Amino acid sequence: MAGGRDTAGSRAQQGSTDRVGAICRALRRAIVERAVAPGDRLPEDALGERFGVSRTIARQALGQLASEGLVELRRNRIAVVATPGWDEARDTFDIRMGVERIVVARLVGSLDTVQEAALHAHVDSEEAAQRGGEPGSIRLATEFHLLLAKLTGSPVLERYVGELGYRCALILSLYSRPHSAECAVAEHRALIAALAAGDAAHATALMDHHLDAVAERARIVATPPRDRDLVRLLAPYAEVAI
């Protein structure tokens, strides 16, 4: 009997963890695609309503995103999309560059044909997304770097590249200027070629140049007023998550 209760409790805990993870993935995507912007409030009750979960589950998801630097938790349980300062933004890109040099060192000359094909297929998706507008392009460009980290087989690198990549995407939504996504696509293809060729120096230089170019595309700009109906804005992300 006790064993049955333990099993039921474990299933409930796993279900709760899965829901938290699903909400985190949905909110990360909403932030990267600029459905929600830096400084936007993320009320627990609105998130619970949108995702069909309790306020406790919503609070746990916000706590996870806060630990990743994507959400700021303020007094009275008020959560908002993070608004990194300019110095923090530059530091984030610099740290990301250092971490992704390690990714390059792990992958250079070691890609097999399946991995190389997966990278090219992803860049094909980036190219196709150019026709759909910038938000989708930014997300796919970020996920290209996550795929590189995943291919190293290191959970630690995958975790840190993911957190830094999403924070950089948040920064771009705050300090940004118009640019062509074609640049990122061309840079990604050149990087794949250098990794496949085993040219460590060239691959590292390409990664440095690419990330530095992304950082330089950021600047402080005025943004027009936006619809702030959180429940409506998150509708497409909730449908995917739950």
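Let's see how each residue does on (1) farther than 30 Å from Arg55 by Cβ; (2) open to solvent by 60 Å² or more (accessible area, probe 1.4 Å); (3) touching a residue at least 24 places away in the same chain (Cβ under 8 Å):
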site	(1), (2), (3)
Leu73	no, yes, no
Ala79	no, no, yes
Ile95	yes, yes, yes
Gly136	yes, no, yes
Arg139	no, no, yes
Phe144	yes, no, yes
Lys150	yes, yes, no
Glu158	yes, yes, no
Arg167	no, yes, yes
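Among the residues of segment 81-93, those identified as more than 20 Å from Val20 (Cα to Cα) and touching a residue at least 40 places away in the same chain (Cβ under 8 Å) are Thr83, Pro84, Trp86, Ala89, Arg90, Thr92, Phe93. Looking across segment 24-69, the residues that are within 22 Å of Tyr160 (Cβ to Cβ), without any contact (Cβ under 8 Å) to a residue 60 or more places away in the chain and open to solvent by less than 10 Å² (accessible area, probe 1.4 Å) come down to Cys24, Ala61, Leu62, Leu65. When residues in segment 100-113 are screened for being assigned to a helix (DSSP H, G or I) and open to solvent by 30 Å² or more (accessible area, probe 1.4 Å), 5 of them pass.
Does Glu116 count as in a helix (DSSP H, G or I), closer than 30 Å to Leu62 by Cα and open to solvent by 30 Å² or more (accessible area, probe 1.4 Å)? Taking the combined requirement at face value, the residue does not satisfy it. Is it true that Gly153 is outside any helix (DSSP H, G or I) and either farther than 16 Å from Ala184 by Cβ or in contact with a Gly (Cβ under 9 Å, 6 or more places away or on another chain) (or both)? Yes: the conditions hold for Gly153. Restricting Glu158, Glu239, Glu182, Glu134 to residues that are among the acidic types (Asp, Glu) and modelled with pLDDT of 80 or more narrows the list to Glu158. The C-beta contact set for segment 198-217 (first residue on the phi > 0 side of the Ramachandran plot, second residue surrounded by 15 or more Cβ atoms within 10 Å (Cβ to Cβ) and assigned to a loop (DSSP other than H, G, I, E, B), distance under 7 angstrom, 6+ apart or interchain) comprises Gly198/Val108.
The values are calculated or read from the model by the stated rules, or taken from the named source; none is laboratory data. Remember, predicted model here, so these are calculated numbers, not experimental data. Here the Cβ is made from the backbone with ideal geometry for all residues, glycine too, and neighbour counts use every protein chain on show. When the accessible area is computed, the model is the full protein with side chains, heavy atoms only, and any ligands, DNA or RNA have been set aside. Shrake-Rupley method; radii C 1.70, N 1.55, O 1.52, S 1.80 Å.
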